[in-house]
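Novice: Next up is a structure, given as structure tokens.
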Amino acid sequence: MFTGLVDAVGRIESVAESAAGREFRIAAAYVGLTDGESIAVNGACLTVREHGAEDGGWFTVAAVETTLGRTTMGSWRAGRRVNLERAMRLGDRLGGHMVLGHVDGVAQVVARRLQGDALLVDLGLPPDAGLAELMVPHGSLTVDGVSLTVNALPAADMVQLSLIEYTLRHTTLGALEVGDAVHVEADIIGKYVRRLVAPWADRLAAAGRAV
């Protein structure tokens with residue numbers, strides 16, 4: 001589990017195809033890594049396969065076919081910067097929100113503009129992913145691994161973010177341009193609520209149609 005508080009920005013050094021999948025070697029200022037631990041890479045939970053010495057420097061992860069089909073990783077190339085977060089420990093502060101590292105869909109930047117001291121970014125949500133109904137004003141949303149607050153819902157299948165200066169400096173989101181694709185993970189609490197009420201909602205809808 002993660003919190004959506006990015007603790008490093010890494011850079012992809014190389015990309016290769018291996019028996020484990022599409023493998024990425026990522027340069028990052030991490031120390032004390034262990035093979036097999038989980039790291040969220042742009043919000044996708046991946047497993048460390050190999051890593052540098054105790055003083056850190058790099059690690060490798062691999063994305064299998066299922067992951068490639070749900071993320072933008074198939075297009076990643078050497079030189080790309082990525083948001084990173086190591087899995088939280090029991091007892092850590094939950095400064096963001098509960099993030100699983102399971103990408104729900106790929107959204108697209110449709111607009112960006114400065115408003116005062118914030119950067120407003122509008123994301124077009126994939127209409128077939130069922131994400132729009134999980135968005136609530138001032139609720140939580142993870143974008144490329146960053147825990148963010150929903151600023152507004154300007155249109156159907158669209159969500160607006162308000163990025164503060166700290167986020168722009170410490171993540172890759174400050175470089176977003178119109179047309180860019182980003183990973184989106186909806187709030188896990190919202191997913192469970194939707195799942196729990198779904199049978200009752202179906203019954204009410206059926207009753208409404210019968211009337």
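Each value in this text was obtained by applying a stated rule to the coordinates, not by laboratory testing. In this text the structure is predicted, and so the values were computed from the model without any measurement. Virtual Cβ from ideal backbone geometry, glycine too; neighbours counted across all protein chains shown.
Novice: Along the Cα-to-Cβ line of residue 64, 7 Å from the Cα, sits a label point; which residues in segment 103-141 have backbone N less than 16 Å from it?
Specialist: So the set is 103.
Novice: Just going by the charge dipole of segment 85-134, with Lys and Arg at +1 and Asp and Glu at -1 on Cβ, which of 124, 98, 108 is farthest out on the positive end?
Specialist: Towards the positive end, the residue furthest out is 98.
Novice: By what distance, in whole Å, do the Cα atoms of segment 89-211 stretch along each of the three principal axes, largest value first?
Specialist: 54, 38, 23
Novice: Taking the Cβ of residue 130 as the centre, find all other residues whose Cβ is under 12 Å away and add up their charges (Lys, Arg: +1; Asp, Glu: -1).
Specialist: Computed value for this residue: -1.
Novice: So if I place +1 on the C-beta of Lys and Arg and -1 on the C-beta of Asp and Glu, and nothing else carries charge, what would the dipole magnitude of segment 100-157 be about its Cα centre? I want it in debye, nearest 20.
Specialist: Rounded to the nearest 20 debye, it is 200 debye.
Novice: Here is a follow-up. Kindly write out, for segment 96-104 in residue order, the coupling ³J(HN,Hα) from the Karplus curve 6.51 cos²θ - 1.76 cosθ + 1.60 (θ = phi - 60°), rounded to whole Hz, with x marking Gly and Pro.
Specialist: x, 8, 6, 10, 8, x, 10, 5, 8
Novice: Let me ask something additional. Please identify the GluC sites (Glu not before Pro) of segment 27-116 that satisfy two criteria: DSSP loop assignment and at most 15 other Cβ atoms within 10 Å. Which are they?
Specialist: Counting only loop positions with at most 15 other Cβ atoms within 10 Å, the GluC sites (Glu not before Pro) in segment 27-116 are 37, 54.
Novice: So, one more: For a quick check, take a GNM of the chain with Cα springs below 10 Å and name the residue from 18, 38, 75 with the largest mean-square fluctuation.
Specialist: Most flexible of the set in this elastic network: 75.
Novice: Between segment 172-199 and segment 4-45, how many Å separate their Cα centres?
Specialist: Value for the Cα centre distance between the two parts: 21 Å.
Novice: Next up: Using +1 at the Cβ of each Lys and Arg and -1 at the Cβ of each Asp and Glu in segment 25-98, identify which of 27, 57, 73 lies farthest towards the dipole's positive end.
Specialist: After comparing all options, I get 73.
Novice: What angle, in degrees between 0 and 90 and rounded to the nearest 10, separates the Cα long axis of helix 188-210 from the longest principal axis of the Cα atoms of the chain?
Specialist: Approximately 30 degrees, to the nearest 10.
Novice: Going by amide H atoms built from the backbone, whose H comes under 5 Å of the H on residue 80, apart from near neighbours?
Specialist: Placed amide hydrogens put 12 under 5 Å from residue 80.
Novice: Report, as a whole number in µm² per second, the diffusion coefficient that Stokes-Einstein gives for segment 8-86 at 10 °C and 1.306 mPa s using the Kirkwood radius over alpha carbon pairs.
Specialist: Rounded to a whole number, D works out at 129 µm²/s.
Novice: Note down the magnitude of the dipole of the chain about its Cα centre, charges +1 on Lys and Arg C-beta and -1 on Asp and Glu C-beta and zero elsewhere, to the nearest 20 debye.
Specialist: 380
Novice: Counting each DSSP H run of 4 or more residues in the chain as -39500 (n - 2.57), what helix-only mean residue ellipticity at 222 nm follows after dividing by all residues, to the nearest 500 deg cm²/dmol?
Specialist: Only helices count here, giving -5000 deg cm²/dmol.
Novice: With r as the distance between the Cβ atoms of residue 156 and residue 29 and R0 = 45 Å, compute the FRET efficiency 1/(1 + (r/R0)^6) and round to 0.05.
Specialist: Efficiency for this residue pair is about 0.60.
Novice: In a GNM of the chain with a 10 Å cut-off on Cα contacts, which of 125, 90, 100 has the highest mean-square fluctuation?
Specialist: Of the options given, 90 has the highest mean-square fluctuation.
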